[in-house]
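The values are calculated or read from the model by the stated rules, or taken from the named source; none is laboratory data. Note that the coordinates shown come from a computational prediction; the quantities given were computed from them, not determined experimentally. All Cβ positions, glycine included, derive from the backbone under ideal geometry; neighbour counts span all protein chains shown. Heavy atoms of the whole protein, side chains included, go into the accessibility calculation; ligands, DNA and RNA do not. Shrake-Rupley method; radii C 1.70, N 1.55, O 1.52, S 1.80 Å.
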There are 2 protein chains.
Amino acid sequence: MSNSTFAIGLDYGTQSVRALVVDVQTGEEMGTGVFSYPSGKNGTYVDPENPNLARQEPQDYVDGLVESVQLALADAEEHDAFDAEAVIGLGIDTTGSTPIPVDEAGQPLAFDDRFADNLDAKAWLWKDHTGHAEAEEITEAAQELRPEYLAKCGGTYSSEWYWSKLLHCKRTAPEVFDAAYTWVELADWIPAVVTGTDHPDDLQRGVCAAGHKAMYNEEWGGYPDEEFLAELDEGLVDVRRTLDDETYNTSEPAGTLTDDWAERLGLPADVPVAIGAFDAHLGAIGAGIEEGTLVKIIGTSTCDLMVAPMSEGLDDIPGLCGIVPESILPGYFGLEAGQSAVGDIFNWFVEVVQPDNLDHDALTERASKLDPGESGLLALDWHNGNRTVLVDQRLTGGILGLTLHSTPAEIYRALVEATAFGARVIMERFEEYGVTVDRIINCGGISEKNQMVMQIYADVLGRPQHLSRSSQTPALGSAIAGSVVAGAEAGGHADFDAGTAAMTGTKDTVFEPIPENREVYDRLYKLYRRIHDAFGVEGTEDDLYDVMKTLFDIREEVRG
Amino acid sequence: MSNSTFAIGLDYGTQSVRALVVDVQTGEEMGTGVFSYPSGKNGTYVDPENPNLARQEPQDYVDGLVESVQLALADAEEHDAFDAEAVIGLGIDTTGSTPIPVDEAGQPLAFDDRFADNLDAKAWLWKDHTGHAEAEEITEAAQELRPEYLAKCGGTYSSEWYWSKLLHCKRTAPEVFDAAYTWVELADWIPAVVTGTDHPDDLQRGVCAAGHKAMYNEEWGGYPDEEFLAELDEGLVDVRRTLDDETYNTSEPAGTLTDDWAERLGLPADVPVAIGAFDAHLGAIGAGIEEGTLVKIIGTSTCDLMVAPMSEGLDDIPGLCGIVPESILPGYFGLEAGQSAVGDIFNWFVEVVQPDNLDHDALTERASKLDPGESGLLALDWHNGNRTVLVDQRLTGGILGLTLHSTPAEIYRALVEATAFGARVIMERFEEYGVTVDRIINCGGISEKNQMVMQIYADVLGRPQHLSRSSQTPALGSAIAGSVVAGAEAGGHADFDAGTAAMTGTKDTVFEPIPENREVYDRLYKLYRRIHDAFGVEGTEDDLYDVMKTLFDIREEVRG
């Protein structure tokens, strides 16, 4: 036995939930447990008739909570130093916006036999786009009546977000909508469950989900006002009345584990549970975010996160999907940007185009041998639209510079480079608005697996690329939140500064920009930016005559 | 035995020479013989160190002449109606510009032991691009000194053409250049050989090669003047002095078969031999070209040919690679346009990208099931530059509208559509300058094999697509030339009108435009034209903001 204390982070992903047991003093990951949601296809109900639909089974979340924590504890027990009695806090992150319709007792309608087979009564997963028409309606109404609402979310309200989903349910499944007392984000519901918050009126909602997805901001007194919602649908006004205009950040406790849940999970009673937040935001904490640090979570898409001190104020930043006070760290604005597809673009090329049956490793090996500019190719990374800074789902990917000799490896590299150029646009947008990027920390599978990608990012962004030490940053960030709500006296941390200092770090490997690559990429980026603006920004009249010729010249120069 | 007469067409292609025996009254193809050039790789000497180099062995041309004619005659003998004694004329077409350095006796330097292993002393095949720097030099000099020279060849003198090759030889292999008395196009050399034209000063050169490749035009008195050539290199002036300023079209005889050659070929003595021309131009005759008919030869690249009566005069047409009096038919301007790559683009996708290991048939089958506009894709067909109307080798291919779901079949169809849009630009350029297209006749492998391609061309061009009856149009056109130089009295034809009327035709299958497809393609063509101009035409400032969105809208509309 030692004096170590431990915190548990619960990370609700798209296909599974992971529990991670972490040493609060060192950040050492003692044990982990994963539970894959059994319902639907890979955990999600889909509709062959409607590719926009994605729903999940709330019961899977509860079953996964028990199973993943038990597995993680069993795994941690392998360490002599571990003792479940020394677990001092629990934090929770989830996907989002993933709202669940609940009844007056806070129970998901899906638990009710009447709705057992009704997909509209399940959890509406973040990537459910059934509300795209309603999203446009909300955007148009806000443009006219409440432009300030849009200024905080990049100018467009998304079909992935809270009110779009609710409004779509009201319009297409009124029997479900009418049966719901309110709708609760998954990130708020799990803390409520384990802390025994029975009535939804008593629910403490997190500012992260509220601010990034539900148009919540203290500037206008909280959630959108009833007059605005009434313009859309009276049903939304009823829901609005169930929402408390006080919200909380993840340094604050939602409560403590009930005796019943402590027993089911095998944990001490009264363990404090942090307010929930989204995976990306707690992931940024797990990566060690602080002022001046850009955390890039690179997966099928990316999430680019920064913080800026609220004491200094901050102008709205056009094209950013979210600017929300305390959505990441207390006292700071949480800033969220992102690319709609990154790994998904590489996967499209490998799995859909299937060039020469080459896999990622083989393509990467060949593409690594190419010099910047050598292929003469230039691509646009908009295969799934553009989230930042253009915020336009109707944009599409492209590639220029093709010849009769363009190889799969050249195209693969051009796609990687395109995502790096897209990342540079985001970084420059932060800096244009005074949010300086001093350091970049990458996390997510691609950053760990693909050195070529990281080197290209270093060369294109012109900044060293650091890698998060942990490969489970969301769960680690949640564990840090658990350690913070436990507090220093209980063997946790006084605040996030102390928590991230003790529990996070970066790997020794750092990808440094190579000056000659950077020089070529600076020239290619200028071309990228011109076609980016030509196709993406209204009113851009550019003479693109020299674009292909410049690519040609660069290619000839590089080839020597 | 019958009263039938026959003509032979000799078609010197890139890999082989074909002889075709044709019934002069009906156009029936009685027999054919093919001889593949044995030297080099697939008949061409290449240099692993220099991808621009492509040379051929003149001896292969002579061996192929004998062998292919003998094979064709043996094949024709299977028909009871055939009699070699009834062969009344011989016509010859070749690739070009394919100049051969020859000595004072008209013998290729390659026949000289001193140069037996010297690739610079061989035939410089049409696709040899070693003279690209010299081509630029010639273009620049002409821009300054003789802009009229460029007006007839689309504004740019090509590295594939006569003077570029000679100048490159002078600069890099002066020992070969100095040993040559003159340089003779393959299309002129073969007729000279079989008619016993020993001294090059007696050579009758064809207007087709001279006009399309060697800056020959009666407007300025023939070949380029000595003052201009002296600016480039005095060596070119020496060659210029060997060139007779009188040239001939293919309705004129180069002479008659010598006794020796008649015997070697197994033909009657004194058979008249037509002046030679390029394969595409005699191919247009074999396809039945006449005023108002656009002949499209669709292969790895395309050649688009029309004729316009000289009696009416004709303005220069910007971007056309050639406008040459009588290069196709006597009394008509021969107009040549083309796309640098068509089949080559489809081959690139199948053979280099190798999507999902699908071949042309499988991709075509899937792509055929797609509706126009359904994929949301729009491609540029510039993988090998743009020959007409932009005349720019530095342009490259591209594709827009890619999503995470874009399939190989969708991309394949988009590439086919792009070549159709490129074909429409050419057709519209002809018509803008008063050369009306009343009928389109396609020939070449792709037009015969791929019905989807022909339907897309019908829909995009908005014109019925006819197919040449013969699949050997160049050899057939040469045989027609043979029948014309034989003359009506000898059982041939009085002129090409009579010859093509008797000997050519189209297939019963005609691809008619489908109105609803045409409507969508009209909309897509507008977008194609905008990106065509944006990247291809200097000074085009377009707001391309709506391009991707319009593609998106069309896609959504078509998908319903």
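Assorted remarks:
One line per residue, one yes/no per condition, for (1) within 14 Å of chain A (Cβ to nearest Cβ); (2) farther than 19 Å from B:Glu336 by Cα:
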position: B:Leu380; (1), (2): yes, yes
position: B:Met427; (1), (2): no, no
position: B:Gly434; (1), (2): no, no
position: B:Ile440; (1), (2): no, no
position: B:Met454; (1), (2): no, yes
position: B:Val485; (1), (2): no, yes
position: B:Ala488; (1), (2): no, yes
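- Verdict on B:Asp371 being open to solvent by 10 Å² or more (accessible area, probe 1.4 Å), in contact (Cβ under 8 Å) with a residue 60 or more places away in the chain, out of contact with any Asp or Glu (no Cβ under 7 Å at 6 or more places or on another chain) and within 9 Å of chain A (Cβ to nearest Cβ): no
- Only one entry in B:Pro268, B:Pro224 is in a loop (DSSP other than H, G, I, E, B) and over 27 Å from the mean Cα position of the chain (by Cα), namely B:Pro268.
- Some residue of segment B:395-411 being under 24 Å from B:Gly13 (Cβ atoms), out of contact with any Asp or Glu (no Cβ under 6 Å at 6 or more places or on another chain) and open to solvent by less than 10 Å² (accessible area, probe 1.4 Å): no
- Of all residues in segment A:462-489, exactly one satisfies the criterion of being out of contact with any Ser or Thr (no Cβ under 8 Å at 6 or more places or on another chain), of a type in the set (A, V, I, L, M, F, W, C) and open to solvent by less than 10 Å² (accessible area, probe 1.4 Å), namely A:Ala479.
- Cβ-Cβ under 6 Å pairs, at least 6 apart or on other chains, segment A:123-135 side of a type in the set (Val, Ile, Thr), far side not in a helix (DSSP H, G or I): A:Thr130/A:Asn52; A:Thr130/A:Leu53
- Of the residues screened, A:Asp508 is not one that is open to solvent by 10 Å² or more (accessible area, probe 1.4 Å), out of contact with any Phe, Trp or Tyr (no Cβ under 9 Å at 6 or more places or on another chain), within 14 Å of chain B (Cβ to nearest Cβ) and not in a helix (DSSP H, G or I).
- Selection count, segment A:66-96, where residues are closer than 26 Å to A:Cys208 by Cα and open to solvent by 10 Å² or more (accessible area, probe 1.4 Å): 3
- Answer residue from segment B:6-26, given it is under 22 Å from the mean Cα position of the chain (by Cα) and not hydrophobic (A, V, I, L, M, F, W, C) and is nearest to B:Gly477 (Cα to Cα) among those: B:Gly9
- Scope segment B:151-204; condition part of a helix (DSSP H, G or I), modelled with pLDDT under 95 and open to solvent by less than 10 Å² (accessible area, probe 1.4 Å); matching residues: B:Pro200
- Answer residue from segment B:442-460, given it is open to solvent by 10 Å² or more (accessible area, probe 1.4 Å) and at pLDDT 95 or above and is farthest from B:Arg518 (Cα to Cα) among those: B:Asn450
- Of A:Val416, A:Val353, A:Val389, all but one fail to be surrounded by fewer than 23 Cβ atoms within 10 Å (Cβ to Cβ), hydrophobic (A, V, I, L, M, F, W, C) and either more than 13 Å from chain B (Cβ to nearest Cβ) or within 24 Å of B:Ala379 (Cβ to Cβ) (or both); the exception is A:Val353.
- Every test in (1) in contact (Cβ under 8 Å) with a residue 24 or more places away in the chain; (2) not aromatic (Phe, Trp, Tyr); (3) not in a loop (DSSP other than H, G, I, E, B) is passed by A:Ser97 save one, and that test is (3).
Listed here are the residues, each with its yes/no results for (1) more than 28 Å from A:Glu374 (Cβ to Cβ); (2) of a type in the set (A, V, I, L, M); (3) not in a helix (DSSP H, G or I).
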site	(1), (2), (3)
A:Tyr457	no, no, no
A:Arg463	no, no, yes
A:Ser470	yes, no, yes
A:Ser478	yes, no, no
A:Ser483	yes, no, no
A:Glu489	yes, no, no
A:Ala494	yes, yes, yes
A:Thr500	yes, no, no
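- If you go through segment B:376-409 and pick out every residue that is outside any loop (DSSP other than H, G, I, E, B) and over 30 Å from the mean Cα position of the chain (by Cα), you end up with 4.
- Where A:Ala362 falls short, out of the listed (1) open to solvent by 10 Å² or more (accessible area, probe 1.4 Å); (2) more than 8 Å from chain B (Cβ to nearest Cβ); (3) not in a helix (DSSP H, G or I): (3)
- Residue count, segment B:39-71 (criterion: farther than 23 Å from B:Glu185 by Cα and in contact with a helix residue (DSSP H, G or I) (Cβ under 9 Å, 6 or more places away or on another chain)): 1
- Segment A:217-227, residues that are touching a residue at least 40 places away in the same chain (Cβ under 8 Å) and under 17 Å from A:Lys165 (Cβ atoms): A:Pro224
- Condition met for B:Asp63 (modelled with pLDDT of 95 or more and buried (at least 20 other Cβ atoms within 10 Å of the Cβ)): no
- Selection status of A:Pro330, within 27 Å of A:Ala486 (Cα to Cα) and either open to solvent by 10 Å² or more (accessible area, probe 1.4 Å) or of a type in the set (Phe, Trp, Tyr) (or both): yes
- Every condition in (1) of a type outside the set (Lys, Arg); (2) within 14 Å of chain A (Cβ to nearest Cβ); (3) free of Cβ contacts under 8 Å to residues at least 60 places away in the same chain; (4) open to solvent by less than 30 Å² (accessible area, probe 1.4 Å) holds for B:Val342 except the one numbered (3).
- Scope segment A:281-317; condition among the hydroxyl-bearing types (Ser, Thr, Tyr) and either open to solvent by 10 Å² or more (accessible area, probe 1.4 Å) or on the phi > 0 side of the Ramachandran plot (or both); matching residues: A:Thr300, A:Ser301, A:Ser311
- Residue list for segment A:522-543, restricted to those being surrounded by fewer than 16 Cβ atoms within 10 Å (Cβ to Cβ), touching a residue at least 24 places away in the same chain (Cβ under 8 Å) and at the interface with chain B (Cβ under 10 Å from one of its Cβ atoms): A:Val537
- Of all positions in segment A:524-540, at least one carries a residue that is at pLDDT 95 or above, part of a helix (DSSP H, G or I), in contact with a Pro (Cβ under 9 Å, 6 or more places away or on another chain) and under 19 Å from A:Leu400 (Cβ atoms).
- So B:Asp392, is it within 28 Å of A:Lys549 (Cβ to Cβ) and in contact with a strand residue (DSSP E or B) (Cβ under 8 Å, 6 or more places away or on another chain): yes
- Among the residues making up segment A:117-146, those that are open to solvent by 40 Å² or more (accessible area, probe 1.4 Å) and over 17 Å from A:Val184 (Cα atoms) are A:Asp117, A:His129, A:His132, A:Ala133, A:Glu136, A:Glu137, A:Glu140, A:Gln143, A:Glu144, A:Leu145.
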